[in-house]
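As C-alpha cells, the structure follows; a few thoughts come after it.
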Amino acid sequence: MRRRSRLILALDETDPDKALQIAEAVGDVVDGVKINYPLALSAGMGIVEEMSKKASVICDFKVADIPNTNRLIVEQVRAKGAEGVICHGFVGHDSVKACADAMGDGEVFVVTEMSHPGGMEFTQPNAEALARVAVEAGATGVIAPATRPERIKVIRKIVGDLKILSPGVGAQGGKASDALAAGADYVIVGRAIYQAEEPRKAAEALVEEIENG
C-alpha cells in the first residue's frame, strides 16, 4: 500500500454500485480502501476483485480463529486481490502467524485496541500484549485508535517500525492530525467520506488537514 495521502477509506456502504462509484471518485486521493463485512456480505467477494482495480484493498474481516481456519480465510482474501487483511491477536501467536504466512507478500494488521468507547473495556487493558503478538508473529502492522491518540503513543513504543493504522477519525470524534502526530502512519475514515454529499471533496479536505497538521 502506498504512503502518500496517509488516508484510508473505510467503505462500509452496502450498495455495491454506490460503493464502486465512491471508490472510483476517491481512488486517487486515498492510499487504500478498507472493506468490511457489510459490503462483502451484500455484494459477495467479487466486490474485492472489482475494488482492487480502483484502489489498494484491505479486507477488515478481523479474522479470529484457529490457525488452519485463519489460513483458509486469508488465502481467499488474497486470491481475490486484496493487498491487506485485518485480524485479531487474542487468538494467539500461531493464529496471527498463519495469517501472515497465508498473506505472503501482502499486509497483515493486528487489532490492538478498538476505537469505540467499548474498546476500553477489554481491548485497551490487553493492547500492549496484543501489540507484542503482532511483532512476534510477523505482522505488517497494527490497528490503534485515533479516538485516543495517547494510546497510539504507547503502542508505537512496542511495535517499533511496524505500520499503525488508526480508525475513529470523523464520525467517532478522532482527529487525523492528532493521530498522525501521536505516531500513526495512516488514518482510517468512513462515514465522513462515504456519507458526504461529495465524497471526493470530503476526502480532499481530510488530506489537506493531514498535510497542514
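The values are calculated or read from the model by the stated rules, or taken from the named source; none is laboratory data. Since this is a predicted model, take the numbers as computed values, not measurements. Cβ coordinates were reconstructed from backbone atoms using ideal geometry, including for glycine residues, and neighbour counts include every protein chain displayed.
Which one is surrounded by the most Cβ atoms within 10 Å (Cβ to Cβ), of the residues in the stretch 173-190 that are touching a Lys or Arg at 6+ places or on another chain (Cβ under 9 Å), outside any strand (DSSP E or B) and not small (Gly, Ala, Ser)?
Among residues in the stretch 173-190 that are touching a Lys or Arg at 6+ places or on another chain (Cβ under 9 Å), outside any strand (DSSP E or B) and not small (Gly, Ala, Ser), the one surrounded by the most Cβ atoms within 10 Å (Cβ to Cβ) is Leu180.
Does Val85 qualify as being within 17 Å of the chain's Cα centre (by Cα), assigned to a strand (DSSP E or B), closer than 30 Å to Gly213 by Cβ and of a type in the set (Val, Ile, Thr)?
For Val85, the condition - within 17 Å of the chain's Cα centre (by Cα), assigned to a strand (DSSP E or B), closer than 30 Å to Gly213 by Cβ and of a type in the set (Val, Ile, Thr) - is met.
Small (Gly, Ala, Ser), modelled with pLDDT of 95 or more and buried (at least 19 other Cβ atoms within 10 Å of the Cβ), is that true of Ala100?
For Ala100, the condition - small (Gly, Ala, Ser), modelled with pLDDT of 95 or more and buried (at least 19 other Cβ atoms within 10 Å of the Cβ) - is met.
Pairs needed: first member in the stretch 92-115, without any contact (Cβ under 8 Å) to a residue 12 or more places away in the chain; second member anywhere, buried (at least 24 other Cβ atoms within 10 Å of the Cβ); C-beta distance under 9 Å; at least 6 residues apart or different chains.
none
Do we find a residue being under 15 Å from Gly32 (Cα atoms) and either in contact with a Ser or Thr (Cβ under 8 Å, 6 or more places away or on another chain) or part of a strand (DSSP E or B) (or both) anywhere in the stretch 110-133?
no
Answer with yes or no whether Lys153 is basic (Lys, Arg), surrounded by fewer than 22 Cβ atoms within 10 Å (Cβ to Cβ) and in contact with a Gly (Cβ under 7 Å, 6 or more places away or on another chain).
yes
With respect to Ile193, is the statement that it is assigned to a strand (DSSP E or B) and either in contact with a strand residue (DSSP E or B) (Cβ under 7 Å, 6 or more places away or on another chain) or over 20 Å from Gly84 (Cα atoms) (or both) true?
No, not satisfied.
Step by step: first the residues of the stretch 20-45, then only those that are assigned to a helix (DSSP H, G or I) and in contact (Cβ under 8 Å) with a residue 60 or more places away in the chain, then the one that is surrounded by the most Cβ atoms within 10 Å (Cβ to Cβ). Which residue is that?
Among those residues, the one meeting the criterion is Val26.
Consider Glu209 against the criteria (1) touching a Ser or Thr at 6+ places or on another chain (Cβ under 8 Å); (2) of a type in the set (Asp, Glu); (3) closer than 22 Å to Ser56 by Cβ; (4) not in a helix (DSSP H, G or I): it satisfies all of them except one. Which criterion is unmet?
Condition not satisfied by Glu209: (4).
Please pick out the residue among Gly183, Gly170, Gly119 that is on the phi > 0 side of the Ramachandran plot, within 17 Å of the chain's Cα centre (by Cα) and at pLDDT below 95.
That would be Gly170, the only listed residue that is on the phi > 0 side of the Ramachandran plot, within 17 Å of the chain's Cα centre (by Cα) and at pLDDT below 95.
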